[in-house]
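Since the structure comes first, as structure tokens, the remarks are kept for the end.
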Amino acid sequence: MGVEVSVMGVGVALRRLGVRGLWDRGLSTADMTKGLVLGIYAKDKDDDLPQFTSAGESFNKLVSGKLREMLNISGPPLKAGKTRTFYGLHQDFPSVVVVGLGKRSAGVDDQENWHEGKENIRAAVAAGCRQVQDLELPSVEVDPCGDAQAAAEGAVLGLYEYDDLKQKKKVAVSAKLHGSGDLEAWEKGVLFASGQNLARHLMESPANEMTPTRFAEIIEKNLKSASSKTKVHIRPKSWIEEQEMGSFLSVAKGSEEPPVFLEIHYMGSPNATEAPLVFVGKGITFDSGGISIKASANMDLMRADMGGAATICSAIVSAAKLNLPINIIGLAPLCENMPSGKANKPGDVVRARNGKTIQVDNTDAEGRLILADALCYAHTFNPKVIINAATLTGAMDVALGSGATGVFTNSSWLWNKLFEASVETGDRVWRMPLFEHYTRQVIDCQLADVNNLGKYRSAGACTAAAFLREFVTHTKWAHLDIAGVMTNKDEIPYLRKGMSGRPTRTLIEFLLRFSKDSS
């Protein structure tokens, strides 16, 4: 996304408009304490000029129409996602960033499978807030732009950057709603975005910092501070052994870091015995590939191979903050996949919790091994729904790239709920096939009941899903392969480069809608 900045030359145009510019007042950047982001819509066929939002129009009247005049002489009309910055218009807001919102009429696009208007707001507000951050201002007020939740998401997601380990950090910018309306929607947007940012933090942190134990401790702290209706069990290796999770243990044994099985409970339903929803997340805190070692190029990205655990746990933390009237359980098998004298070897056979044996023909297909035991355990809670998320296959990235999360499910009802949630959030999902055709390719196995590798090289994401299905008996189950959406380069304009934390907001929206349907 490009950023246009207009400082009006040496202030000639400002003086022509009767506005005392920074140059006239002798102010430095340090004197500018607060920024303002205002939206403007693209010109429609019935409009003489591009139209401000209601907040933009009010501010324009406050400064006697000077904002409109400055826009008109500063260049062509702003395109969606572009920004233009003006100085010295009002003493309360020395810097005003106008952002292009596209067409006011933009709604749900059935081809794109998202709400175009909401996406435009997220992208524009993110660009505007980053402009304020570049000016090193500590706070910004944000125009709700007709959808305060989307505006808040754009601000909070757009300003986030992982810099915990850097000495030189960007200015921390506090984003607030401009005006008094839509505060509830704004706070909801902040909550949704903060949930995704928690997942981004977990995924971006280096593996020597974000060990299985540390991951579990961070989630415990966040969940307990979110609600009193929570329980956290950080299960040690001895418990994993008692549960006979041989598949999970076989992956963990190659590393010096002890494995952890994280089990989190949110009990929001008035009926304590009501069946929960169970979320399961792949928690490989670093994936070297094991004996089937990966190429060194980009292996550092495998610090985020616990993205499934990060997104499901962050979604549950957010659900607790929302005080949703449902029960949710999160399960995250956490370990590293490392090569050592103790590690799995290609051709080894391991036994899962349900008694099925697995031939490990590729130790880099380890995510499905730890999920197999976690999915078996999920059934013990008699859940209403089981959803697992995992950065499972490179094949998923090849198939869909960063455009959408791939969803494999045995329930059209569950698919529709996830899809509807994703249209709202703009963090899209796409249904993938769960055919018997692929199952035959993983159960045709020489030494065991099932192979952790498909019979053929093709359709790797589909055969991985078919493998997981061998450990699921529930009729409402969905597997989300998030490998393609793990990182963001420049595809999502309101996310900076790095780990994306997707699809956390879609999972939160799914839980919110489920809770309303259940009440």
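The values are calculated or read from the model by the stated rules, or taken from the named source; none is laboratory data. Computed from a prediction, not measured in an experiment: that's the story for all the values here. Glycine also receives a Cβ, built like all others from the backbone with ideal geometry; neighbour counts cover every protein chain displayed. For the accessible areas, the whole protein counts, side chains as well, though only heavy atoms, and no ligand, DNA or RNA atoms are used. Shrake-Rupley method; radii C 1.70, N 1.55, O 1.52, S 1.80 Å.
How far is helix 212-226 tilted, in degrees, relative to the longest principal axis of the Cα atoms in the chain, given as a value from 0 to 90 rounded to the nearest 10?
50
From the helices alone, meaning DSSP H stretches of at least four residues, give me the mean residue ellipticity at 222 nm for the chain, per-run term -39500 (n - 2.57), in deg cm²/dmol to the nearest 500.
-11000 deg cm²/dmol
Which value, in Å² and to the nearest 10, is the accessible area of Lys166 when all protein chains are kept and the probe is 1.4 Å?
Rounded to the nearest 10, that gives 120 Å².
What FRET efficiency comes out for Asp47 versus Ser180 if R0 is 22 angstrom and r is the Cβ-Cβ distance? Round to the nearest 0.05.
For R0 = 22 Å, the calculated efficiency reads 0.20.
How much solvent-accessible surface does Phe514 expose, in Å² to the nearest 10, with a 1.4 Å probe and all protein chains in place?
20
For Trp413, Trp114, Trp186, Trp430, what's the largest-to-smallest order of accessible area, 1.4 Å probe?
Greatest to least solvent exposure: Trp430, Trp413, Trp114, Trp186.
Hey, if we sort Ile121, Ile293 by accessible area with the 1.4 Å probe, largest down, what's the order?
In descending accessible area the options line up as Ile293, Ile121.
For Asn72 and Val108, compute 0.36 nm times the residue count separating them, minus their Cα-Cα distance, and round to one decimal in nm.
9.9 nm
Running Debye on the chain with equal point scatterers at the Cα sites and no solvent, what base-10 log of I(q)/I(0) appears at q = 0.05 Å⁻¹?
-0.22
Mind checking which lysines have their C-alpha under 25 Å from Lys489, skipping anything on the same chain fewer than 8 residues away?
The reachable lysines, counting only those whose Cα sits under 25 Å from Lys489, are Lys79, Lys82, Lys118, Lys166, Lys168, Lys169, Lys170, Lys282, Lys294, Lys497.
Going by a ≥ b ≥ c, the root eigenvalues of the Cα gyration tensor, does the range 447-519 fall in the rounded group (a/c under 1.5), the prolate group (a/b larger than b/c) or the oblate group?
It comes out oblate by the Cα gyration axes.
In whole angstrom, how long is each semi-axis of the equivalent ellipsoid of the range 319-409, when you take the square root of 5 times every eigenvalue of its Cα gyration tensor and sort them from largest down?
After scaling each eigenvalue by five and taking roots: 27, 20, 13 Å.
So between Lys170 and Leu447, what do we pick up on full extension, going 0.36 nm a residue minus the alpha carbon distance?
94.2 nm
With unit charges on the beta carbon (Lys/Arg positive, Asp/Glu negative), name the residue among Gly403, Asn416, His437 whose Cα is farthest towards the positive pole of the charge dipole of the range 390-519.
Gly403
In nm, what is the difference between 0.36 nm times the number of residues separating Asp300 and Val349 and their Cα-Cα distance?
Taking 0.36 nm per residue and subtracting the Cα distance, the gain is 14.8 nm.
Could I have the simple spin-label model distance between Glu242 and Trp415, label points 7 Å from Cα toward Cβ, reported in nm to one decimal?
The two pseudo-label positions are separated by 4.1 nm.
Roughly how big is the chain's charge dipole about its Cα centre, with Cβ charges of +1 (Lys, Arg) and -1 (Asp, Glu), in debye to the nearest 20?
That gives the chain a dipole magnitude of about 500 debye.
Quick one: helix 183-204 against the long Cα principal axis of the chain, what's the angle to the nearest 10°, folded into 0 to 90?
For helix 183-204, the angle is close to 50 degrees.
Using Cα atoms only, what is the angle between the long axis of helix 367-378 and the major principal axis of the chain, expressed in degrees (0 to 90) to the nearest 10?
80
Excluding ligands and nucleic acids, what accessible area in Å² is computed for Asp300 using a 1.4 Å probe, to the nearest 10?
Its accessible surface works out to 90 Å², give or take rounding.
Could you rank Thr504, Thr213 by how accessible they are, 1.4 Å probe, largest area first?
Largest accessible area first, the list is Thr213, Thr504.
Among Gln196, Gly281, Val232, whose Cα sits farthest toward the positive end of the charge dipole of the range 194-347 (+1 at Cβ of Lys/Arg, -1 at Cβ of Asp/Glu, about the Cα centre)?
In the range 194-347, that residue is Gln196.
Mind checking which aspartates and glutamates have their C-alpha under 12 Å from Lys176, skipping anything on the same chain fewer than 8 residues away?
Answer for Lys176, where 12 Å is the Cα cut-off: Glu141, Asp143, Glu153, Glu187, listed by chain and number.
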